[in-house]
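Asks: Before I ask anything, here is the structure I am working with.
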Amino acid sequence: MTEVARVALSCLDLTSLGDQDSSADVGRLCERAQGPFGTVAAVCVWPRFAALARRRLPATVAVAAVANFPAGGTDIDAALADVRQIVAGGAQEVDVVLPWRALRDGDDAAAARLLDAVRGACAGLRLKVILETGELHDDALIKRAAQLALAHGADFLKTSTGKTPHGATPQAVRLLLQAIASDAQARHLVGVKVSGGIRSVTDALPYIELTRESLGADALNPQRLRIGASSLLDDIESVLGGRAPAGAPVGY
């Protein structure tokens with residue numbers, strides 16, 4: 001599992017999106033992101049903490065912040081207010097929630113309008129679109145959400161906010177990867193971000209394998225794969241420190 005742990009570390013978006021998060025919490029998160037086995041890919045925070053995180057992190061660690069989060073409504077002005085704060089704070093990445101309820105109800109145009117506005121407001125930044133796959137409950141709907149996000153500027157397709165009862169599942173991630181692989185423009189550029197319920201290296205393993213199978217081994221890097229989590233880093237460091245998790249598959 002050591003190899004898996006190394007991939008997970010390099011692709012980790014270390015996340016803190018608690019309702020009561022403080023500047024001190026974000027400062028500790030930034031320190032945690034720079035551990036004894038290397039740095040994470042990014043730190044993901046609320047927009048109001050983007051500037052603080054950017055000051056506290058080396059240039060090699062990206063700052064991501066959330067927009068239209070967590071509800072995923074259709075209020076473009078509110079989403080753009082988040083994005084303006086993220087851009088002003090010097091962040092490199094925007095994790096925006098797709099208006100998934102609108103899409104679920106058949107209003108694809110409202111979802112597209114919000115994505116277009118956000119994409120235009122964060123030109124040059126990496127845009128991860130959160131589809132909230134666990135709440136869509138239908139493979140065809142997840143595919144439609146993925147295709148819409150790809151058509152409107154997504155650099156990453158992300159499963160979940162982590163704020164609903166249902167997070168990432170292998171089936172949902174398989175559908176996102178299929179959407180990317182079947183899109184001629186996206187297949188060599190767009191990545192997938194898995195979030196919601198990933199707490200151990202063992203949890204991360206099936207998603208790393210799915211990415212390898214769908215996009216190739218060259219996609220196992222932070223430009224194409226991210227894992228959003230707050231507690232996964234503890235298990236990564238335990239594995240890299242010599243403690244293999246119970247039930248680890250033979251060969252890792």
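Any read-out appearing in this document is the output of simple, stated calculations on the displayed coordinates, not a laboratory observation. Note that the structure is predicted; figures quoted are calculated from it, not measured. Virtual Cβ from ideal backbone geometry, glycine too; neighbours counted across all protein chains shown.
Conditions tested, residue by residue: (1) within 27 Å of Val26 (Cα to Cα); (2) crowded, with 16+ Cβ neighbours inside 10 Å.
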position	(1), (2)
Ala65	yes, yes
Val87	yes, yes
Leu98	yes, yes
Ala102	no, yes
Asp107	no, no
Arg126	yes, yes
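Asks: Just a yes or no: is a residue in the range 6-28 surrounded by fewer than 17 Cβ atoms within 10 Å (Cβ to Cβ), hydrophobic (A, V, I, L, M, F, W, C) and farther than 23 Å from Arg224 by Cα?
Replies: Yes, the range 6-28 has at least one match.
Asks: Do any residues in the range 35-54 that are charged (D, E, K, R) have Cβ atoms under 8 Å from those of residues that are surrounded by fewer than 24 Cβ atoms within 10 Å (Cβ to Cβ), where the two are at least six apart or on different chains, and which pairs are they?
Replies: Close Cβ pairs (under 8 Å, with a partner that is surrounded by fewer than 24 Cβ atoms within 10 Å (Cβ to Cβ)) amount to Arg48/Gln85; Arg54/Gly89; Arg54/Gly90.
Asks: Now, a different point. If Phe37 satisfies every condition in (1) surrounded by 18 or more Cβ atoms within 10 Å (Cβ to Cβ); (2) hydrophobic (A, V, I, L, M, F, W, C); (3) out of contact with any Lys or Arg (no Cβ under 7 Å at 6 or more places or on another chain) but one, which is the exception?
Replies: Looking at each condition in turn, Phe37 falls short on (1).
Asks: In contact with a Phe, Trp or Tyr (Cβ under 6 Å, 6 or more places away or on another chain) and crowded, with 21+ Cβ neighbours inside 10 Å, is that true of Glu93? I'd like the intermediate steps shown before the answer.
Replies: Working: in contact with a Phe, Trp or Tyr (Cβ under 6 Å, 6 or more places away or on another chain): no; crowded, with 21+ Cβ neighbours inside 10 Å: yes.
Spelling it out, it is not the case that Glu93 is in contact with a Phe, Trp or Tyr (Cβ under 6 Å, 6 or more places away or on another chain) and crowded, with 21+ Cβ neighbours inside 10 Å.
Asks: Sticking with this structure for a sec: Inside the range 161-203, can you point out the residues that are in contact with a strand residue (DSSP E or B) (Cβ under 8 Å, 6 or more places away or on another chain), part of a loop (DSSP other than H, G, I, E, B), touching a residue at least 40 places away in the same chain (Cβ under 8 Å) and of a type outside the set (A, V, I, L, M)? Please lay out each step first, then the result.
Replies: Taking the range 161-203 as the starting set, the residues that turn out to be in contact with a strand residue (DSSP E or B) (Cβ under 8 Å, 6 or more places away or on another chain) are 161-162, 167-168, 173, 176-177, 179-180, 190-196, 198-199.
Those left that are additionally part of a loop (DSSP other than H, G, I, E, B): 161-162, 167-168, 190, 196, 198-199.
With the extra rule that they be touching a residue at least 40 places away in the same chain (Cβ under 8 Å), the set shrinks to 161-162, 190, 196.
Thr161, Gly162, Gly196, listed by residue number.
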